[in-house]
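FYI, it's all coordinate maths here, none of it is from the lab. Since we're looking at a predicted model, the values are computed, not measured. As a convention, Cβ positions derive from the backbone with ideal geometry for all residues, glycine included, and neighbour counts pool all protein chains shown.
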Amino acid sequence: MEIRDALDALLQALYSGVLSGSVYGLMAIGLTLIWGSLRMLNLAHGALYIAGAYIAYGVLSALGWPVLVTFALAVGGAAVIGLAIQLVLINPILDNPGRDSASLIATLAASIVVQSAILLLFGGQTKELPPLLEGGFKVGTTLISYQGLVVIGAAVVCLLLMTIFLRVSRRGLAIRAISQNMDAARLMGIPIAPTFVVVMVISAGLAGLAGVLLGSILFFTPSGGFTPMLMAMVVTIFGGLGSVPGTIWAAYIIGLMESFLAVFVGPSWALPGIFLFMIVMLVLRPNGLFGLGEVRRL
Amino acid sequence: MIARAEARPWAETNWLGVGIVSAVMLLLPWGLTLVDGGNYFTHLIITFFVWGIVAQCWNLIMGVSGIYSFGQLALFQVGAFTTGVLSFSVGLSPWVSIWAAPVGAVLAALVIGLPTLRLRGIYVVLLTLAFHELLRNWVTTGPQWISAGGYGLARVPKLGFEHVLGPQYEKVFYYYTGLVFFALATYAIWRILNSPIGLAFTALRDSEDYAISRGVDPFRFKLFLFAFSAFFTGLAGGFSAHYNGSASTSLFDFGVMINLLVMIVLGGWGTFAGPIFGTAVLTFLTELLRAFDLYRILALGVAMAVIAVAAPEGLAPLCTRAFRSLFGVFFEAEYSPAPGPVEPDANADATPRDG
């Protein structure tokens, strides 16, 4: 019996670890793209995530369209917010000397505006989204929902598409070129500002997708984007800033680590454990797991 | 070494001005007691003192030295809960325990600072945010003598001013205590900004490589400044806990952090007068706009965005300049605390000599 219990716990930890790892991956890939190319920490990322969930909720409760259409609209909506942030806030300060702090303030301001707008529109109560697929099945004591599998599948597909996009398409190659050496890329005639816009839209869309997908599994509130963003930052840093394969690996490692800590040590140990791990890691390997230094990124 | 008067502004103090300001500040609470018993306005000014100290300290970290730390509010809470636990749960006199607040905050700052301050900006953001979250978690779910069931310590002993001249004058003495702390912090920060340490940070900001090659060790300076600002932040936290009679976990809310950040950004990021100006504007504006409280945070966000894009140096320098250009004839050129790009000569002065 004891072996059974241990196996059940193991399965539970694996399932929820892969699930949260998928969502962290979607969140972190956007952060890492922005960091890699714009050299900027996007503090509005958590707000975009929660905006995706709330747009879906709003469309669904007001218009009652099919869930799949709603979800697509939410991803598009988050991308549009990202586009607005880029055009209104980031592009004007791109060439300022104090760009680091200005972009930090600007993205934080954007996240405040988005979050308080959501709070005004929807109120502070917890909300939830319906799943794409109802039901699930049991393995041992672990309940595996179809929605969970949808989330994992969607995340894996998106991450693969992202990798292919960055390696094959012209835009993807432009993003990689800029992230390797912005000045050289500019001299080769790669349009910098339009590429930044593409990066921002993609990353905002992915954040919105993560919000929609997780919104049908967990409850959410207007400030609910903060913890996922913090975890995405952990993942981004753990994977080596700006490295896409590293980020994907790191997302699953961190997700699994979180759920194993929660199952085997105790739920209240998951976050502190991960942060302690981060501190130790940063002291030992400051460039992250797949830290590529300044030479090769993405 | 530095003989220019503008590098040592305290050498030519305008004693008349200092005297007038001190007299006004000392008499103000008594004047306010004549109006409506003075409770409300005095309370506002005491709030201004508390957040003014914290905003100045955070600006020292964020704006002046470019450490993107989001742990300042957590350090404030370390101060509040240190003295709260010592006076409420342990039973020390609040006049003794309040001095444990800055000490606790400095120790906490060293614990965060030692691993993080060697790292680049984004790491500092993450680790300080993590510290804030962990502390909030720990304080809310921690043992009874800290969390008192999740809301924080609801009955921190007050400083006992109601026994001096009676309860109606209690706030006057809190005002004086707050004024002393505020004046101490402001003076100390002013001296730091105009010291070799302040110049070292100007040098690091303008040309990091050159400053390092001239012997400025960024880690040591950053750690010192981090601990220094934690001292006054913790003191403000301790004072606020005793003044409000509680150490509340609701002060961990991000709304509070955003409010503080807007004070700094609005007033002028990295300037001396900016955070003071910003705190004053925000403290009194918040009270005026109580009726529109729902839209307040939205408005703060918009204001922050506008300033980040349109006026990155903040309102205080803008106002000063507008004032000068309007009434400039009446003033001689004065020393401006916002330093421009530093020439190599000035850099050499900023470099601390060994020995």
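Some points to look at:
- A viscosity of 1.002 mPa s and a temperature of 20 °C, combined with the Kirkwood radius over C-alpha pairs in the Stokes-Einstein formula, give the range B:64-208 a diffusion coefficient of 122 µm²/s.
- Kirkwood hydrodynamic radius over Cα pairs of the range A:89-178, then Stokes diffusion coefficient at 10 °C and 1.306 mPa s, in µm²/s: 89
- Nearest-ten-degree value, helix A:270-284 long axis tilted from longest Cα axis of chain A: 40
- Taking a straight line from the alpha carbon of B:Lys171, these lysines sit under 18 Å away, with near neighbours fewer than eight places off in the same chain left out: B:Lys158.
- Net length gained if the chain between B:Ser93 and B:Thr141 were fully extended (0.36 nm per residue, minus Cα distance): 14.7 nm
- Each residue, B:Asp253 and B:Ala227, gets one label point 7 Å from its Cα in the Cβ direction; the gap between the two is 3.5 nm.
- For the peptide A:83-89, the mean number of other protein chain Cβ atoms found within 10 angstrom of a residue's Cβ is 1.
- Projected area, mean over directions - the range A:1-136, Cα convex hull, nm²: 11.3
- Amide proton proximity set for A:Gly136, modelled H, under 5 Å, gap of 5+: A:Tyr146
- GNM remark for chain A: springs join alpha carbons under 10 Å apart, and the peak mean-square fluctuation among A:Ala193, A:Ala210, A:Ala110 falls on A:Ala193.
- Förster radius 30 Å - calculated FRET efficiency between B:Arg155 and B:Leu27, Cβ distance, rounded to 0.05: 0.35
- Bins of 10 Å, starting at 0 and running to the largest distance - Cα pair percent for the range A:82-129: 25, 41, 21, 11, 2
- Chain B - mean residue ellipticity at 222 nm from DSSP helices (-39,500 (n - 2.57) per run, n ≥ 4, rounded to 500): -21500 deg cm²/dmol
- Counting only alpha carbon atoms, the long axis of helix A:146-168 and the longest principal axis of chain A meet at about 20°.
- Gaussian network model of chain A, springs between alpha carbon atoms under 10 Å - residue of A:Val88, A:Val201, A:Val67 with greatest fluctuation: A:Val88
- As a rough footprinting exposure proxy, the listed residues B:His43, A:His45, B:His163, B:His132 were ranked by other beta carbons within 10 Å of their own, and the order from fewest upward is B:His163, B:His43, B:His132, A:His45.
- Each residue in B:Thr82, B:Thr283, A:Thr141 was given a count of other beta-carbon atoms within 10 angstrom of its own, and listing them fewest first yields A:Thr141, B:Thr283, B:Thr82.
- Gyration tensor over alpha-carbon atoms, the protein assembly as shown, equivalent ellipsoid semi-axes in Å: 43, 31, 24
- Sorted by Cβ density within 10 Å, fewest first, the residues B:Lys222, A:Lys138, A:Lys127, B:Lys171: A:Lys138, A:Lys127, B:Lys222, B:Lys171
- Alpha carbon centroid spacing (whole Å) that separates the range B:246-278 from the range A:114-132: 27
- Note on chain B: dipole from Cβ charges, positive end direction compared against B:Gln72, B:Gly113, B:Ser97; the farthest Cα belongs to B:Ser97.
- Residue-averaged [θ]222 nm for chain A, counting only DSSP H segments that reach four residues, each worth -39500 (n - 2.57): -24000 deg cm²/dmol
- Cα-based helix-to-principal-axis angle, A:99-122 vs chain A, degrees rounded to 10: 50
- Selected from A:Ile29, A:Ile118, A:Ile50 as most flexible by GNM, with chain A as the system and alpha-carbon contacts under 10 Å: A:Ile118
- Solvent-free Debye scattering, log10 I(q)/I(0), computed from the Cα coordinates of chain B at q = 0.07, 0.13 Å⁻¹: -0.31, -1.11
- Under the membrane-span-like helix rule (DSSP H runs whose alpha carbons stretch at least 27 Å along the helix axis, mean Kyte-Doolittle hydropathy 1.6 or higher), chain B yields B:15-34.
- Given charges at beta-carbon only (K, R positive; D, E negative), |dipole| of the range B:5-256 in Debye: 360
- Charges were assigned to the Cβ only: +1 to each Lys and Arg, -1 to each Asp and Glu. The resulting dipole of the protein assembly as shown about its Cα centre is roughly 820 debye.
- Value of Rg to Rh for chain A, rounded to two decimals, is 0.98; Kirkwood radius and Rg both from alpha-carbon coordinates.
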